[in-house]
Amino acid sequence: MQEIKAGLRISQEGLSFFGLEEVNASIQRGAKVLAIKEGDAIMHKEKQGEENVRLSFSGFSVIVLIDK
């Protein structure tokens, strides 16, 4: 079994995906997706003051479990 982290990042340059090509290549080779588990929120530090940090949501990820 293999775990692949896949998701989306949002930046000023636009959207970028990660992990999708690896998941799709595995499926094309005959692997089966066993489960998709929750991943993480991707946060970006906008500003940091003396007492606080300002964050913005900039993407997400999931974990894809694949049977090789």
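If you scan the range 40-68, which residues turn out to be over 18 Å from Asn24 (Cα atoms) and among the small types (Gly, Ala, Ser)? Can you show your working first?
Restricting attention to the range 40-68, the residues satisfying the condition of being over 18 Å from Asn24 (Cα atoms) are 40-60.
Residues satisfying the conditions are Ala41, Gly49, Ser56, Ser58, Gly59.
Tally up the residues in the range 19-68 that are acidic (Asp, Glu), under 18 Å from the mean Cα position of the chain (by Cα) and either surrounded by 12 or more Cβ atoms within 10 Å (Cβ to Cβ) or over 13 Å from Glu3 (Cβ atoms) (or both), please.
Qualifying residue count, the range 19-68: 3.
Could you tell me how many of the residues in the range 1-51 are under 14 Å from Val62 (Cα atoms) and touching a Phe, Trp or Tyr at 6+ places or on another chain (Cβ under 8 Å)?
So the answer is 9.
So, of the residues in the range 8-17 that are under 29 Å from Lys68 (Cα atoms) and in contact (Cβ under 8 Å) with a residue 40 or more places away in the chain, which turns out to be most open to solvent (accessible area, probe 1.4 Å)?
Of everything passing the filter in the range 8-17, Arg9 is most open to solvent (accessible area, probe 1.4 Å).
The values are calculated or read from the model by the stated rules, or taken from the named source; none is laboratory data. Just so it is clear, the structure is predicted and the values come from calculations on it, not from any experiment. Neighbour counts run over all protein chains shown; Cβ positions are idealised from the backbone, glycine included. For the accessible areas, the whole protein counts, side chains as well, though only heavy atoms, and no ligand, DNA or RNA atoms are used. Shrake-Rupley method; radii C 1.70, N 1.55, O 1.52, S 1.80 Å.
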